[in-house]
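Everything below concerns the one structure shown next.
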Amino acid sequence: MAKIVTLREQRVMPHGSALDRFHHYDGTTYHGRSQLKPAPFENGIVGTYIFLAGLSGAAAVLSVLAATTGQSSLRRVERRSRYLALAAPILGAPLLIYDLRTPKRFYNMLRVAKGTSPMSIGTWVLMNYSGFSVLSAAAQAASDVWGANQRLQSVARFAAVPEALAGAVLATYTASLMSATSTPVWAAAPEALAVRYGASSMASAAAALTLGEIDPGVRGKLQAITAGALAVEAVAGTIAHRTYYRKGVEAAFQSPSGIAEKLGAKGLGVLLPLGLLAASALLGRRRGALSTAAAIATIAGSAMLRVSMLGVGDQSAARPDISFRFSTPSNLAEAEQDQRGSP
Amino acid sequence: MYVSPRAQEFAQSTLERVIPDESELTAGVRIEPGKSYGFFTDTTVCIGCKACEVACKEWNNLPADNLGLTGHSYDNTGALSANSWRHVAFVETSGNGGVRATREAPFQSGWLMLSDVCKHCHNAPCLEACPTGALFKTEFDTVVVQQDICNGCGYCVPACPFGVVDIGSNDGKAHKCTLCYDRLKGGLEPACAKSCPTDSIQFGEVAELQRHAAERVIHLHDLGVSNAYLYGVPNSPGATGGLGHLNAFFLLTARPEVYNLPVAPTRPSRRVAPSLLSGLMAVAGLAVAAAAILSRRE
C-alpha cells in the first residue's frame, strides 16, 4: 500500500514532492553524452553582430543625448554617433543573414511577430532601427555635403528619437535572446547578462566616440561615461558569476572561451580601461595615449565579451554534468519564484 | 487482447486501399482533429529491438547517420538528430568495469532501454523561439516544422530543453519528429508505435494515455517494481518550469539522468521579459547619467 501512496503523491501534490527524490544531482550521465544540443551559431559571426548591435544602438542613444544638451561643443559627437549608429544595419544585418543555414529565405523572419521569441523581437527592432538610422544619417550626410541646412538637421534629429528608442532595445535584446534558451550558462543569469550587455554597449559607444575627438572637454565627458558604464559592467559581471556558481554552471568557464571571458572581457575590456582612465584622470592629460588605449581596450573587450559568452554557453550545453546540475529542482524553485507573474 | 470488431471487415490478405481510420484497428483510437495525441513510452517492456527507429526512417525517408560503433552499449544511434527521430537508449546496470555479468536477476533487471523521441511539449520552447513561424502546433496538438518556411536560423536548437531539434547538414533546415503528421491526417497510427512489438510505445489521446499510464505504475508497484514513476505528466519530473505536460511521456525506473533526460527543465520564454526589462533599465540608467555628464558646463 505504501507504494501506491507514493504514486498518489506524484499525481496530486504540487511539483516539489514528486521532484524531491531527484533533488540532488548525483553525477549520473548517459555514457557521458551531451543532454542538450549547443546552438549551431558561428560564434565569431554572431558575436560580432551582437557587439555591433550594442555599439550602434548605444551610439544612437548618445547622439540624441548630445543633441538635447544644445551645447555647440557636442555637435561633433552628435554627428559622429549618427554615423557610428549605422554599424548594425550596414555590417551587422548581413552577418545575421550570412549565419542562417538557408540565407536566401531570410525574409521569412518577416512572416510573424512573436513576443516569446527574442529572435523575432530583434528582427523587428533591427528593421525599424535600420530605417530610422539610415534616414537620420542620410539627412546628416546631406547637410554635411551641402552645408549646414536647418531643414535637413531637423529631419536628422526627428528620426534620431525613434532610432534611439529602438537602439536601446537593440543594445540589450541580444542578452534576452541568449537567456531565452535552454543553454545552461545563458539561462542561469538573465538579468545580470542583460545589464552586462547594456553597460558594455554604452561603454563601447562612448569609447568609440572618444577616438578622434579633439576637444579635451568633450573627451573628458565621454571618458566619464565610459568609466561609469564599465563600472556597471564590472558589478553586473560579478553578480553574474556568483549566480553561475550558485546554479552550478561555473565549470563551463574552465574552457578556452571561459578564459577569453576572464582575460579578454573582464581583464582587457573592463579592468584595464578603468585603470587607464583613472590614471589619465589623475595625470590630467585627457588627450594622451592613455585614453586612446583605454578606448581601444574597451571596444575590444566588448566584442570579446559577446563572442566568449557564446562559446561558454556552447560548452555548458555540451557537458551533461553541467546541464543536469543546472536542471535540478533547486534552480527551478528559484526560477519560479523570480518569474512569478510574468507571461 | 482487444481486437476491434471492424477488423473482420478487412480479413482479405491484399487490401485495395488504405483502411479508413486504420488506427482504430491498430491502436484502438480514432484520430480526429482538435484532440490531443501523443505517445506513452513504457520503458519496462522495451526490449531494445530498434524497430521504432527503423520504421521511423522508412516512413519518413530519413537518411542513415552514424554508420559505426559508439562503444556505448548497443546504442549506435547516439542521440536524436535531424535524421534520427527515434533513438533507443541502452543502459547496462549489471556487470562491473565493462565486463558483462554472467547471471541476471529476473525481469531484464540488467538492462534499461528507452525509445527517446520529441516530447511534443504542451508549451513547446522550439515553437515559441521560432522567428519564422515554421514551427507550429497542429490540429492534433503536436509540434511540427514546415520545411518550406524554415530558414535555418537554428534558434530552436538551443531552445529545446531536451536536445531534440537539430539542423540538417544537407539541407540547412530544422528537423525533428512530426508525430507522423501525414499519417495522422490519413487516420494511421504513427509508424514507430505501430511497429513496436511489445507495445512499449503506445499511441493515443494524451488524457487517456495518462490515465492508463497511472494505472500501469500502480500495477508495477503492486508487482514490486517500487521505483516505477512517470516522467512528463503534470506534477512530475520533465513537466516543470512552465512547460506544462509533455504529449510524449515516459514510464521510468531509474533517475531521469540515467536515460539522458533532465529532472527539471524550464520554459525559456519565461526569461524574455525579465531579461529585456533589466537590460533596458540598465541602458536607461546609464543614459540618465550620460545626459547629466554631457550637459555639464565647462
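Derivation of every value follows stated rules applied to the coordinates shown; laboratory data play no part. Since this is a predicted model, take the numbers as computed values, not measurements. Ideal geometry is used to build each Cβ from the backbone, glycine not excepted, and the neighbour counts take in all protein chains shown.
Remark: B:Cys153, B:Cys121 ranked as B:Cys121, B:Cys153, counting other beta-carbon atoms within 10 Å and listing the fewest first. Compactness ratio for chain A: Cα radius of gyration over 2.2 N^0.38 Å (N = residue count) comes to 1.13. For peptide A:214-221, the mean count of partner chain Cβ atoms within 10 Å of a residue's Cβ comes to 2.
Across B:Glu139, B:Glu189, B:Glu104, mean-square fluctuation computed from a Gaussian network of chain B (C-alpha pairs under 10 Å connected) peaks at B:Glu104. Going from the fewest other Cβ atoms within 10 Å to the most, the residues A:Ser154, B:Ser84 appear in the order A:Ser154, B:Ser84.
Among A:Arg111, A:Arg306, A:Arg101, whose mean-square fluctuation peaks in a Gaussian network model of chain A (Cα, cutoff 10 Å)? Fluctuation is largest for A:Arg111.
For chain B, taking a cut-off of 4.7 Å between Cβ atoms, the unpaired cysteines are B:Cys46, B:Cys49, B:Cys56, B:Cys121, B:Cys130, B:Cys150, B:Cys153, B:Cys160, B:Cys180, B:Cys196.
For the range B:185-199, the residues whose backbone nitrogen is under 17 Å from a point 7 Å from the Cα of B:Arg30, taken along Cα to Cβ, are B:185-189.
The Cα atoms of the protein assembly as shown define a convex hull whose projected area, averaged across directions, is 32.8 nm². Rounded to the nearest 10 degrees, what's the angle between the helix B:272-294 long axis and the longest principal axis of chain B, both from Cα atoms, 0 to 90? So the helix axis and the longest Cα principal axis differ by about 10 degrees. If you run the Gaussian network model on chain B, springs between alpha carbon atoms under 10 Å, then out of B:Arg183, B:Arg270, B:Arg216 the most flexible one is B:Arg270.
Counting Cβ atoms of other protein chains within 10 Å of each residue's Cβ and taking the mean over peptide A:98-109 gives 6.
By the count of neighbouring beta-carbon atoms within 10 Å, fewest first, A:Ile214, A:Ile45, A:Ile299 end up ordered A:Ile214, A:Ile45, A:Ile299. Working note: 222 nm ellipticity from helices only, DSSP H runs with n ≥ 4, each -39,500 (n - 2.57), summed and divided by the residues of the protein assembly as shown, gives -15500 deg cm²/dmol to the nearest 500.
With the cut-off at 13 Å, report for the range B:198-239 the share of all Cα pairs above it, as a whole percent. Of all Cα-Cα distances in the range B:198-239, 59 percent exceed 13 Å. The three principal axes of the Cα atoms in chain B give end-to-end lengths of 95, 53, 40 Å, sorted in falling order.
Spatial offset of the range B:144-171 relative to the range B:1-45 amounts to 31 Å, using the alpha carbon center of each. For the range B:218-261 and the range A:70-144, what is the centre-to-centre distance using only Cα atoms, to the nearest Å? First find each Cα centre; the distance between them is then 47 Å.
With 18 Å as the limit, the listed pairs B:Lys173/B:Lys194; B:Lys137/B:Lys185; B:Lys35/B:Lys194; A:Lys37/B:Lys119; A:Lys37/B:Lys57; B:Lys35/B:Lys185 have B:Lys173/B:Lys194; B:Lys35/B:Lys194; A:Lys37/B:Lys57 beyond it between alpha carbons.
Taken over the alpha carbons of the range A:181-334 as equal point scatterers, the Debye sum produces base-10 log I(q)/I(0) values at 0.11, 0.21 Å⁻¹ of -0.45, -1.15. Neighbours of B:Asn151 by Cβ distance under 12 Å: Lys/Arg scored +1, Asp/Glu scored -1, total +2.
The aspartates and glutamates within cross-link reach of A:Lys221, meaning a Cα-to-Cα straight distance under 16 Å and a gap of 8 or more places when in the same chain, are A:Glu78, A:Glu213, B:Glu298. Counting, for every residue in A:21-31, the Cβ atoms of other protein chains within 10 Å of its Cβ and taking the mean gives 5.
Between the helical axis of B:51-60 and the longest alpha-carbon principal axis of chain B there is an angle of about 70 degrees. Shown for chain A are the DSSP H helices of 18 Å or more along their axis, judged by Cα atoms, with a mean Kyte-Doolittle hydropathy of at least 0.0: A:43-69, A:118-145, A:150-179, A:190-210, A:216-246, A:289-318.
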